[in-house]
Amino acid sequence: MKPRGSVEERLWRYITIGGHMVLLSIEADEKCGKTTMALTAPLPIVCFSFDLGTDRAINGTKYDEWFKGLKIEHVPYGAGTSWSGNDITIYDLPWPLQLNQDLLSGFTDLWSYFMQLFVRAAMDQTISTIVVDTMTLCRRVRAEAHLQTLQEDSIAEKKRPRKQLLQIEYGPVNNSIRSLYDAAKTMDKNLIAVHHLTDEYKPQLKSDGTVESMATGARILEGLTGTYRAIGTAVRSEKVGTKFFSKIVVCGDNPVLEGMSIVDCSWDTLVGMISSSLGGRIQIQRRGQEVAAK
């Protein structure tokens, strides 16, 4: 495969092939194919890699099927801001090295850098898909950036800096994450948010009459509460033997599909199922159609 052509050619493909924007959450534990599936989305892709796991995903067992021949560029943190001519551009966004256990540093710069790139990608009509890998870590970075700002304000006021956020202080953090989904909707951009899973905790009554938060045994998305209200589709993946199974847990376009499982799911398989289930009335941009159009 060769890189995309002129800007006019990219816009023509966007108008004639695509049309229905998808906001997708991919959820799974470690090494369950989350990133690989995300990078099978329509090209060109801009991927923001907080998890730094894209090399394994690209060069793994799906290399020949999805990535061979593509122009893929890794951009080290702070090294550049251009994706022109690339099929997949990956921005590495590593967790800042901390030299002081009590005072955070580097998170406000990292968040600002990410947001500048995200807004540019969302506004660029030649970009088909934005991937945030993972949105779990993205939200943690935003929280640490908020705490870093509060610490710096406390030091400026000659007060003792705090070491963690209070629950009521997560408002700006959550609003920032919601703004990413809102931007994708506004700009009609495919957005894939990869999420880790975490244990679910709920208040439970103990035998002595007290209430304690305890693990229920269930696994839930680790990220913004209300993510399912912000996105249209969500799949949860797990590895069974050498196969990956992706269960559709949310499908705003057709709730009848919720609960169905797909083996070795790709973007094309998922959106093809959604479109077919609705008689083709919704046409969703696919990676395979892009290849055929070249």
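Here, each number is a calculation from the coordinates, and none is a lab measurement. Note that the structure is predicted; figures quoted are calculated from it, not measured. Counting neighbours? That spans all protein chains shown, and the Cβs are built from the backbone with ideal geometry, glycine included.
Residues in segment 232-248 that are surrounded by 21 or more Cβ atoms within 10 Å (Cβ to Cβ) and either of a type in the set (Gly, Ala, Ser) or closer than 20 Å to Lys189 by Cα (or both): Thr233, Ala234, Val235, Ser237, Ser246. Listed by first and then second residue, the pairs with beta-carbon distance under 7 Å, at least 6 apart or on different chains, first residue in segment 201-222 and surrounded by fewer than 10 Cβ atoms within 10 Å (Cβ to Cβ), second of a type in the set (Asp, Glu) and in a strand (DSSP E or B), are Lys206/Glu212. Only residues that are within 14 Å of Met115 (Cα to Cα), in contact (Cβ under 8 Å) with a residue 24 or more places away in the chain and of a type in the set (S, T, N, Q) were counted across segment 169-188, and they come to 1. Taking each residue of segment 26-37 that is touching a residue at least 60 places away in the same chain (Cβ under 8 Å) and looking for partners that are assigned to a loop (DSSP other than H, G, I, E, B) with beta-carbon atoms closer than 7 Å, six or more apart or interchain, yields Lys34/Ala28; Thr35/Gly53; Met37/Cys265; Met37/Ser266. Taking the stated definitions as given, is Val173 among the β-branched types (Val, Ile, Thr), surrounded by 15 or more Cβ atoms within 10 Å (Cβ to Cβ) and not in a loop (DSSP other than H, G, I, E, B)? When the stated conditions are applied, Val173 passes them. Mind counting the residues in segment 79-99 that are hydroxyl-bearing (Ser, Thr, Tyr) and in a strand (DSSP E or B)? Final tally of qualifying residues: 2.
Taken over segment 187-220, the criterion of being outside any strand (DSSP E or B) and within 28 Å of Ala121 (Cβ to Cβ) is satisfied by Met187, Asp188, Lys189, His196. If you go through segment 75-95 and pick out every residue that is buried (at least 23 other Cβ atoms within 10 Å of the Cβ) and touching a Phe, Trp or Tyr at 6+ places or on another chain (Cβ under 6 Å), you end up with 3.
For Leu224, the criteria (1) within 16 Å of the chain's Cα centre (by Cα); (2) under 24 Å from Pro44 (Cα atoms); (3) not acidic (Asp, Glu) hold in every case but one, which is (2).
Among the residues of segment 32-74, those identified as surrounded by fewer than 20 Cβ atoms within 10 Å (Cβ to Cβ) and among the β-branched types (Val, Ile, Thr) are Thr61, Ile72. Would a scan of segment 140-150 turn up a residue that is loosely packed, with under 15 Cβ neighbours inside 10 Å and either in a loop (DSSP other than H, G, I, E, B) or under 25 Å from the mean Cα position of the chain (by Cα) (or both)? No: segment 140-150 contains no residue that is loosely packed, with under 15 Cβ neighbours inside 10 Å and either in a loop (DSSP other than H, G, I, E, B) or under 25 Å from the mean Cα position of the chain (by Cα) (or both). With respect to Asp102, determine if the residue is out of contact with any strand residue (DSSP E or B) (no Cβ under 7 Å at 6 or more places or on another chain), more than 22 Å from Thr227 (Cα to Cα), among the charged types (D, E, K, R) and assigned to a helix (DSSP H, G or I). The answer is no for Asp102. Pairing each residue of segment 73-99 that is on the phi > 0 side of the Ramachandran plot with any residue that is among the charged types (D, E, K, R) and assigned to a loop (DSSP other than H, G, I, E, B), provided the two are 6+ apart or on different chains, yields C-beta distances under 8 Å for Gly85/Arg4; Gly85/Lys71. For segment 111-128, the criterion of being closer than 18 Å to Gln167 by Cβ and hydrophobic (A, V, I, L, M, F, W, C) is met by none of the residues.
For segment 106-139, taking the residues that are out of contact with any Pro (no Cβ under 8 Å at 6 or more places or on another chain) and among the aromatic types (Phe, Trp, Tyr), the one that is surrounded by the fewest Cβ atoms within 10 Å (Cβ to Cβ) is identified as Tyr113. Cβ-Cβ contacts under 6 Å between residues 6 or more apart (or on different chains), taken from a first residue in segment 151-168 that is on the phi < 0 side of the Ramachandran plot to a second residue that is among the aliphatic types (A, V, I, L, M) and part of a helix (DSSP H, G or I), are listed as Pro161/Ile155; Leu165/Leu147.
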